[in-house]
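Engineer: Can you read through this structure? Questions will come right after.
Readers should treat all values here as calculations from the given coordinates under stated rules, not as data from a laboratory. Being a predicted model, the structure only gives us computed values, none of them experimental. Every residue, glycine among them, receives a Cβ derived from its backbone with ideal geometry; neighbour counts consider all protein chains shown.
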Amino acid sequence: GEDVEQSLFLSVREGDSSVINCTYTDSSSTYLYWYKQEPGAGLQLLTYIFSNMDMKQDQRLTVLLNKKDKHLSLRIADTQTGDSAIYFCAESAGAGGTSYGKLTFGQGTILTVHP
Amino acid sequence: GAGVSQSPSNKVTEKGKDVELRCDPISGHTALYWYRQSLGQGLEFLIYFQGNSAPDKSGLPSDRFSAERTGGSVSTLTIQRTQQEDSAVYLCASSPPGHLSYEQYFGPGTRLTVT
């Protein structure tokens, strides 16, 4: 079955870059996502990447995908205290796959940004 | 525009009682998902509705759990004879039709506590 793994904690200083890593096992994963969850709030879709891409940049966010190693990372440039949250990596299969639409999540990485 | 809404935001119930949780998806979104988030299990997929197709119920943990979606819009998740292990945050998500169907937008969740 599908499995998604993340490191549990990351602590950085304000202004530094943060890199959150994720590995997944399902080779049929077509879409890979990063969600952000602030305390007491729901999940906010940050960005996503198709499996046929290596990199996607969106303002301060850069997603890197190594499909051979099944490794996904999220880099946050110039990290701010407002970026402190839990970040979830997730994957889903594409259209036609038996698990299409269903997201499988990692356990989340707690990012703490120190002033 | 309005996002996914869920009600109630908090629900406390006694063990053995039935509960109903409601989800209003974003207008025009054709797919609707239920997930739950708990300390022990992380984020788990429960059920997925897509248009008029039969729902994917593969994530429902027991036959005490059921869900329906009326008129292709509002959905209700019902848990019968609640148990303490059902305590969790129940999250609903919806996604639009067409080429953006892979973008899932989450509601704020319903926190269920079974005493």
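Engineer: List the pairs from A:Lys102/B:Lys15; B:Lys11/B:Lys57; A:Lys36/A:Lys56; A:Lys56/B:Lys57 whose alpha-carbon separation is above 27 Å, in the order I gave them.
Structural biologist: A:Lys102/B:Lys15; A:Lys56/B:Lys57
Engineer: Dividing the alpha-carbon Rg of the range A:1-52 by 2.2 N^0.38 Å yields what?
Structural biologist: This ratio for the range A:1-52 stands at 1.34.
Engineer: Apply the Karplus curve 6.51 cos²θ - 1.76 cosθ + 1.60, θ = phi - 60°, to the phi angles in the range B:24-36 and return the couplings in whole Hz, x for Gly and Pro.
Structural biologist: Taking θ as phi minus 60°, the curve returns 10, x, 5, 4, x, 6, 9, 9, 9, 10, 10, 10, 10 Hz for the range B:24-36.
Engineer: Just to check I understand the Karplus step: with θ = phi - 60° and J = 6.51 cos²θ - 1.76 cosθ + 1.60, what whole-Hz values come out for the range B:83-89, glycine and proline as x?
Structural biologist: Listing the rounded values in order: 10, 4, 6, 7, 4, 4, 9 Hz.
Engineer: Between A:Ala41 and A:Lys68, with labels modelled 7 Å along Cα→Cβ, what's the label distance in nm to one decimal, could you check?
Structural biologist: The modelled label-to-label distance comes out at 3.8 nm.
Engineer: For B:Ser73 and B:Arg22 in the same chain, what is the full-extension length gain: residue separation times 0.36 nm, less their Cα-Cα distance, in nm?
Structural biologist: Roughly 17.3 nm would be gained on extension.
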